[in-house]
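The values are calculated or read from the model by the stated rules, or taken from the named source; none is laboratory data. As the structure is a computational prediction, the values presented were derived from the model and not from experiment. Positions of Cβ are backbone-derived with ideal geometry, glycine not excepted, and every protein chain shown enters the neighbour counts. We work out accessible area using only protein heavy atoms, side chains counted, and drop any ligands, DNA or RNA first. Shrake-Rupley method; radii C 1.70, N 1.55, O 1.52, S 1.80 Å.
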Amino acid sequence: MIQWKEEIIIESNIEKVWSLFFDKNIKKIMDKVEEHTLIEKKEEEVGAKHRQSYREGKRLETYIVETLKYEDLEDKKQKQISFVLGKAFEITLTFTLLKIDDTHTKFIYEGQNKGVNFVGRAMLKLGSEKSNNKVVQEFMQKVEQEALKA
């Protein structure tokens, strides 16, 4: 299993950063996502389900993303999602935003990726922590860049 927890301070209002995690803006911060369609409940509800398609090179993976946690308070926003990728990996991601002041937001990105079968566990063991950290850092930079544009 791979786990991570990283945080950065973004020079932007918490509401602007939070809006990047709305369905209509998800492709701005996850540019490999080709489809993100709500199929059950409302996007701001725990238990909401989305059909998501993600392209990695020529391969297109489609899976169901479930919202496990959704909190939208004035000074704290949090969304936790989970999905199984390629029948091999169970991925849980948590995005937490904390209001520092009107122009600064702390963004905490944490997650875990665990193999659900032999192939998934073997691939995680063979994968490098360095490449996973690179993906995490790139995502955080993308969120920060988009928040500064907004």
Is it the case, given these coordinates, that E6 is part of a strand (DSSP E or B) and without any contact (Cβ under 8 Å) to a residue 12 or more places away in the chain? no
With respect to Y63, determine if the residue is more than 16 Å from K32 (Cβ to Cβ), open to solvent by less than 40 Å² (accessible area, probe 1.4 Å), out of contact with any Lys or Arg (no Cβ under 6 Å at 6 or more places or on another chain) and of a type outside the set (G, A, S). no
Residues (open to solvent by 60 Å² or more (accessible area, probe 1.4 Å), closer than 15 Å to I2 by Cα and in contact with an Asp or Glu (Cβ under 9 Å, 6 or more places away or on another chain)) located in segment 70-126: V84, K114, V116
Strands (runs of 3 or more DSSP E) wholly in segment 28-108 with at least 2 residues that are over 16 Å from the mean Cα position of the chain (by Cα) - which ones? 33-40, 59-72, 89-101
I'd like the full set of residues that are open to solvent by 60 Å² or more (accessible area, probe 1.4 Å) and in contact (Cβ under 8 Å) with a residue 40 or more places away in the chain, limited to segment 134-143. Q137
